[in-house]
Amino acid sequence: MAPTDDVSPTTRAAAVRADAPALIRAAAGLAHRDDVRTTLYEVPRLRLAHRDRRKMVHFYRLVDALGRDVFAIAAPESLDSRPDGPAAFAAALSDLALGDVLTLTGYAAYRNGWSATIVVTSFALEARWALEHPGATFIAAAAPLHGNVLLQCPHSHAQRIAAYCASGALAVRCTPAGLSEPPWEGKGLDRCVALACERPCELALAAVRDPFLSSVVGRVLIAPERTVGLDAAMGEIARALERAGVRAARLITHPRALAERLTDAVEAAGVRLEPKRGRHTHVVALAWANGPLAWGVEPAEAYGFKDLDSFLADAATSRAYYKLREALVMHFGAAAAAASRAPSPAPAPAPPAEGAGRAVAPPLLRGLRAVDVGAAPGGWTSCLIEHGAAHVTAVDPAELDAQVLVLPGVAHMRMRAEEAAAAMLARGERFELLVCDMNLPPDDVVRLVQSMAPAVRPGGYLVLTLKRTMRNGVEWAAATSDAERRLAACWRDVRLVHLFANTNMERTILARRRERERAAPPPLAAGGGVALCALAIGALALALARVVARARRG
């Protein structure tokens, strides 16, 4: 794109190409603004992140490819030598928009010795934001992403995934390096969690094998390079493809709005697009990194797509499978979590065919007897068998899938939970694990679980999913609190957790069976949580009114 305003050829020849650290070093010895006109610097490819104007002085904050700030000042005294005059140059500056990519030329300026500041004498407009990303609004507040691996995930899980990776729980050590904030509009747009790791390919596999992350990681991108501007990124990717001699490639972009431009650039470079596994030799990744663009060109073997595709397909096929597996790992401790990092089978209820070569699921349950309340069609029942349960009693008046019924150790009781509890107690059956994932209001599902509690041995485990069936957030908070309170009569160590595999409309309760039951507290009346909140707000308002009245009398 032709620059809107540029330096003359003689001036450009005299300018020294520099980056943010070079400007800081140049300005470190300056004591005041009168000493700035020593060396002319040219700072390439900066994205405009913030602008301000005070009288005749323009202030700008720009960001380079590594997320470093460069501050720019355009004042009348710095423009007096221009042949077109300060007014024309100021008009050109006013035409800039946030997100535009510029190359600045000017003198280093002293700014407390810690930030890169340049007194602008001219600039070249490299790319306009509105043309590169139509319909998108540049977000200047988001910090640029660092790191070399990006995990695409729902927005609701991004902070939790970053905290989990920071805790060192992943099999490969890594450091969180920011969260993406795509400026494209769209409900439920995914985010990327950036991670810095010395072994990016191993980290990608570890993320999708992890029992907690496997259900929420949508795609993995290995993107160590950073470039400001979409056109510049396309050029660098084309040169990287040429250097590597790539003939067939697979593309991964986030968000998908970048896919069209990347497709055109890769095809223009003479590379054939082959998304199917086994037909491409390299993988090209491109992602928004909060200003810069993160990209990478990796061999398909190093990327590990053979394993990544199978694990991500498993996660997308059955979220409920991973929800229960995550809860089991939380219940049965770190040893089970380490075992679960081994490859697990797809969540299909039928066992794999002989000779299929699929890995055997780790025995998290160690031969326990379990009962699945509300089991139909049988997803959780098959998950329990696959993870080592010796016997599973599936309680549901509806039918189970035929493939679940033929699994060894599965017994189906086609009756309601209350009836099944009485029948099991009459036969003297006892269990070590009770699981329930029924789509009922929290009050009803707690009542069903409590009716089944006598059939669970002391010290046995509970995994219970609570579904949000009400719109009011206050009522939902009151319902979950009431469920914890009522369950505490029969269960100890009651924990309300938000699993990675839970949606925003779900929570999971984990607990252990008590040796002795306590007196059950009465359930809150309908709307009790709302009433309590209303009383608290009323009391606070009355107290504030009294304080104000006393102040006025005083």
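The values are calculated or read from the model by the stated rules, or taken from the named source; none is laboratory data. Keep in mind that this is a model prediction, so the values were computed, not measured. Here the Cβ positions follow ideal geometry from the backbone for every residue, glycine too, while neighbour counts run over all protein chains shown. Heads up: the accessible areas ignore ligands, DNA and RNA and are worked out on the full protein's heavy atoms, side chains in. Shrake-Rupley method; radii C 1.70, N 1.55, O 1.52, S 1.80 Å.
For VAL360, only one of the following conditions fails: (1) in a loop (DSSP other than H, G, I, E, B); (2) at pLDDT 50 or above; (3) β-branched (Val, Ile, Thr). What is its number?
With (1) in a loop (DSSP other than H, G, I, E, B); (2) at pLDDT 50 or above; (3) β-branched (Val, Ile, Thr) applied to VAL360, the lone miss is (2).
Picking from GLY270, GLY278, GLY229, which residue would you name as being open to solvent by 40 Å² or more (accessible area, probe 1.4 Å) and at pLDDT below 90?
One residue alone meets the criteria, GLY278.
Working carefully through the options ALA411, ALA417, find the one that is modelled with pLDDT of 90 or more and in contact with a strand residue (DSSP E or B) (Cβ under 7 Å, 6 or more places away or on another chain).
ALA411
Quick one: in segment 152-207, which of the residues that are farther than 28 Å from GLU301 by Cα and among the acidic types (Asp, Glu) is nearest to the chain's Cα centre (by Cα)?
GLU181
Would you please list the contacts, defined by Cβ atoms under 9 Å and residues six or more apart or on different chains, that run from a residue in segment 253-268 that is part of a loop (DSSP other than H, G, I, E, B) to a residue that is among the hydrophobic types (A, V, I, L, M, F, W, C)?
Taking only residues 6 or more apart or on different chains, the pairs are PRO255/TRP184; PRO255/LEU189; PRO255/ALA287; PRO255/TRP288.
I'm trying to understand the selection: among the residues of segment 151-171, which are in contact with a Lys or Arg (Cβ under 6 Å, 6 or more places away or on another chain) and buried (at least 19 other Cβ atoms within 10 Å of the Cβ)?
Passing the criteria: GLN152, ALA158.
Please tell me if ALA285 is small (Gly, Ala, Ser), at negative phi, at pLDDT 80 or above and not in a loop (DSSP other than H, G, I, E, B).
Yes: the conditions hold for ALA285.
Check ALA479, ALA420 and return the single one that is surrounded by 15 or more Cβ atoms within 10 Å (Cβ to Cβ) and within 23 Å of LEU499 (Cβ to Cβ).
Among ALA479, ALA420, only ALA479 is surrounded by 15 or more Cβ atoms within 10 Å (Cβ to Cβ) and within 23 Å of LEU499 (Cβ to Cβ).
For a quick check of your reading of the model, give me the residue pairs whose first member lies in segment 94-109 and is closer than 12 Å to VAL70 by Cα and free of Cβ contacts under 8 Å to residues at least 12 places away in the same chain, whose second is of a type in the set (Gly, Ala, Ser) and open to solvent by less than 10 Å² (accessible area, probe 1.4 Å), with beta-carbon atoms closer than 9 Å and at least 6 apart or on different chains.
Listed by first residue and then by second, the contacts come to nothing, as the list is empty.
Mind listing whichever residues of segment 67-81 are at pLDDT below 80, open to solvent by 40 Å² or more (accessible area, probe 1.4 Å) and either assigned to a loop (DSSP other than H, G, I, E, B) or basic (Lys, Arg) (or both)?
ASP80, SER81, listed by residue number.
What's the number of the only condition in (1) over 30 Å from VAL208 (Cα atoms); (2) touching a residue at least 40 places away in the same chain (Cβ under 8 Å) that VAL497 fails to meet?
Result: VAL497 fails condition (1) only.
Suppose we filter segment 193-215 for residues that are assigned to a strand (DSSP E or B), buried (at least 23 other Cβ atoms within 10 Å of the Cβ) and either out of contact with any helix residue (DSSP H, G or I) (no Cβ under 8 Å at 6 or more places or on another chain) or modelled with pLDDT under 85 (or both); how many remain?
1
Please state which of the following conditions VAL297 fails to meet, knowing it meets all the rest: (1) β-branched (Val, Ile, Thr); (2) at pLDDT 85 or above; (3) farther than 26 Å from GLU181 by Cα.
If we test VAL297 against (1) β-branched (Val, Ile, Thr); (2) at pLDDT 85 or above; (3) farther than 26 Å from GLU181 by Cα, just (3) comes out false.
Select from segment 126-137 the residues that are open to solvent by 30 Å² or more (accessible area, probe 1.4 Å) and under 19 Å from ASP69 (Cβ atoms) and list them in ascending order.
Once the filter is applied, which keeps residues that are open to solvent by 30 Å² or more (accessible area, probe 1.4 Å) and under 19 Å from ASP69 (Cβ atoms), segment 126-137 yields only GLU126.
Where the second residue is in a loop (DSSP other than H, G, I, E, B) and open to solvent by 50 Å² or more (accessible area, probe 1.4 Å) and the first is closer than 22 Å to ARG366 by Cβ and without any contact (Cβ under 8 Å) to a residue 60 or more places away in the chain and lies in segment 428-451, which pairs have Cβ atoms under 9 Å and are six or more apart or on separate chains?
Cβ pairs passing all conditions: none.
Name the pairs whose Cβ atoms lie under 7 Å apart, with the first residue in segment 203-217 and aromatic (Phe, Trp, Tyr), the second open to solvent by 10 Å² or more (accessible area, probe 1.4 Å), and 6 or more positions between them or separate chains?
Note: pairs meeting the criteria are PHE212/TYR164; PHE212/PHE500.
How many residues are open to solvent by 40 Å² or more (accessible area, probe 1.4 Å) and not acidic (Asp, Glu) if we restrict to segment 246-262?
Residues meeting the conditions: 6.
Go through segment 155-187 and give me each residue that's modelled with pLDDT under 85 and not in a helix (DSSP H, G or I).
If the condition is that a residue be modelled with pLDDT under 85 and not in a helix (DSSP H, G or I), then SER167, GLY168, ALA169, LEU170, ALA171, GLU181, PRO182, PRO183, TRP184, GLU185, GLY186, LYS187 are the ones that fit.
If I ask for residues that are modelled with pLDDT of 80 or more and in a loop (DSSP other than H, G, I, E, B), which ones from segment 96-130 would you list?
LEU96, ALA97, LEU98, GLY99, ASP100, ARG128
Open to solvent by less than 40 Å² (accessible area, probe 1.4 Å), on the phi < 0 side of the Ramachandran plot, of a type in the set (Phe, Trp, Tyr) and modelled with pLDDT under 50 - does that describe any residue in segment 372-380?
No, segment 372-380 contains no residue that is open to solvent by less than 40 Å² (accessible area, probe 1.4 Å), on the phi < 0 side of the Ramachandran plot, of a type in the set (Phe, Trp, Tyr) and modelled with pLDDT under 50.
How many residues, within segment 223-246, are in a helix (DSSP H, G or I) and touching a Ser or Thr at 6+ places or on another chain (Cβ under 8 Å)?
Number of matching residues: 2.
Collect the residues in segment 490-511 that are hydrophobic (A, V, I, L, M, F, W, C), out of contact with any Asp or Glu (no Cβ under 6 Å at 6 or more places or on another chain) and farther than 19 Å from GLU326 by Cβ, keeping them in residue-number order.
Across segment 490-511, the qualifying residue is only TRP491.
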